[in-house]
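Input: a single structure, listed below in structure tokens.
The values are calculated or read from the model by the stated rules, or taken from the named source; none is laboratory data. No experiment lies behind these values; they were computed from the predicted model shown. Backbone-built Cβ (ideal geometry, glycine too); neighbour counts: all protein chains shown. Accessible surface is based on the protein model in full, side chains and every heavy atom, while ligands, DNA and RNA are left aside. Shrake-Rupley method; radii C 1.70, N 1.55, O 1.52, S 1.80 Å.
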Amino acid sequence: MNLHEYQAKQVLANYGVPILGGGVAYTADEARAVAERLGGPVWVVKAQIHAGGRGKGHFLEEAAGGKGGVRVVKSLDDVQEAAFQMLGNTLVTHQSGPEGREVKRVYVEEGCDIARELYLSLLVDRATSGVTIMASTEGGMDIEEVAEKTPEKIIYQPISPETGMSAFHARAVAFALGLTGKQVSAFTRMALSLYECFVASDCAMLEINPLVVTGDGQILPLDCKMGLDPNALYRHPRLMDYRDESEEDPMELEASRHDLNYVKLDGTIGCMVNGAGLAMATMDIIKLKGGSPANFLDVGGGATRERVTAAFKIILSDPAVEGILVNIFGGIMRCDVIAEGVVAAARDVSLNVPLVVRLEGTNVELGKTILAESGLPIISADNLADAAEKVVKAVREAQ
Ligand code: ADP
Ligand code: MG
């Protein structure tokens, strides 16, 4: 789950990280009121969408004034005008996809006198199985580009999960960034707070780009992207309130409502599988047999009739799906119960693409009988390879 910039900054502030004054606004009048409260003389109006690169982005609508999603302004009228132009319009950035995102809220922030722009992020590092701090002197830039063209400009500081973060980790990064004097201790305090926040909030990533050194030597996060591990969200009811469902993929959102693990992919064969490992294997074998999966979908251990129906509906609402492969292992669940669920769901959703079902496990024969006697055009398969072959073939023949 991703947070908006203003939400992420509120979270950081709770951990003692210094941030600029600012406030969120849903209308141009509210934006003006926030700016009045902050006082000026310079404000920045920032579009709040779940995509980076807003400053260099552009709006699809002419009414948005032909500028990007981060605007530095110097009067209350201009704050109001910038907010008016952004709200309700569609901002396209290199991370938003060509369709862009509608701006529904803006953040009005104090203007900052920037001396240096740095890059700082914390991420879950698969190589070390811990948190790694990543930093660069090339702040404000697209970090993927920095990593590709000038990889030597990126500093990595792994943190061992046993010991956690210490001041020396932070100082090593501070020196590598060329910070001196009081900036080193300010940076160290901030980096320790960021690490504490990262671990305590179960973050998946925390990126501050840019982290700035101001004209008077302060160190402040000017932008903040925070991603939370969705599996740990239940531990953070207050962070859950920050969820903005309008920023999520509608199918993935619907799946999460039914506790289904669904990820949309760009192939044509919809998959319904129980267990993430089996789902991965199913996707692999579809590829091996010359097809391409339309999704990853793990219906979980307790695949009830309701969940199977919901899963079918989600798969079928994807216009790219030309065939479905159900691959379910009846361990705790019995195959006959699953078969009943599949039959009921297939009836419920008026299935219009070929459906291949492979069942294995407890009561498998009974399950197969239920499928065969359902009167539905369900293609039954005996093993995983057979199932993948059959669905790929059925999709080809249906074309
Ligand atoms: P994005 O990364 O989505 O483009 P940022 O928040 O990083 O958005 O803003 C883009 C640029 O705008 C920053 O690199 C910085 O130069 C400038 N900027 C952002 N916020 C402020 C601010 N409060 N004061 C002055 N400049 C700002
Ligand atoms: Mg940024």
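Some observations on this one:
- Residues that are part of a strand (DSSP E or B) and among the hydrophobic types (A, V, I, L, M, F, W, C) were ranked within the stretch 190-209; the one that is nearest to LEU120 (Cα to Cα) is ILE208.
- Subset of the stretch 50-72 (residues that are touching a residue at least 60 places away in the same chain (Cβ under 8 Å) and either out of contact with any Ser or Thr (no Cβ under 7 Å at 6 or more places or on another chain) or at positive phi (or both)): HIS50, GLY53
- Some residue of the stretch 81-91 being under 30 Å from ILE155 (Cβ atoms), among the hydroxyl-bearing types (Ser, Thr, Tyr) and surrounded by 15 or more Cβ atoms within 10 Å (Cβ to Cβ): no
- Enumeration of residues in the stretch 12-36 that are within 16 Å of ligand 2 (Cβ to nearest atom) and part of a helix (DSSP H, G or I): LEU12
- Considered as a group, the residues in the stretch 39-83 that are basic (Lys, Arg) and assigned to a loop (DSSP other than H, G, I, E, B) include one that is farthest from ligand 2 (Cβ to nearest atom), and that residue is LYS74.
For (1) within 16 Å of ligand 1 (Cβ to nearest atom); (2) within 27 Å of ARG54 (Cβ to Cβ); (3) among the aliphatic types (A, V, I, L, M), each residue gets a yes or a no:
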position: PRO237; (1), (2), (3): no, no, no
position: PRO250; (1), (2), (3): no, yes, no
position: ARG257; (1), (2), (3): no, no, no
position: LEU260; (1), (2), (3): no, no, yes
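- Lone qualifier among SER136, SER129, SER121 - being of a type in the set (Gly, Ala, Ser) and open to solvent by 30 Å² or more (accessible area, probe 1.4 Å): SER129
- Residues of the stretch 92-110 that turn out to be closer than 22 Å to GLN10 by Cβ and either among the hydroxyl-bearing types (Ser, Thr, Tyr) or modelled with pLDDT of 95 or more (or both), as a count: 8
- For ALA47, the criteria (1) away from ligand 1 (no atom under 13 Å from the Cβ); (2) out of contact with any Asp or Glu (no Cβ under 9 Å at 6 or more places or on another chain); (3) among the aliphatic types (A, V, I, L, M) hold in every case but one, which is (1).
- So ILE133, is it of a type in the set (A, V, I, L, M, F, W, C), modelled with pLDDT under 95 and either more than 16 Å from ligand 2 (Cβ to nearest atom) or closer than 20 Å to PRO221 by Cβ (or both): no
- Residue list for the stretch 205-228, filter: in contact with an Asp or Glu (Cβ under 9 Å, 6 or more places away or on another chain), at pLDDT below 95 and away from ligand 1 (no atom under 12 Å from the Cβ): ASP216
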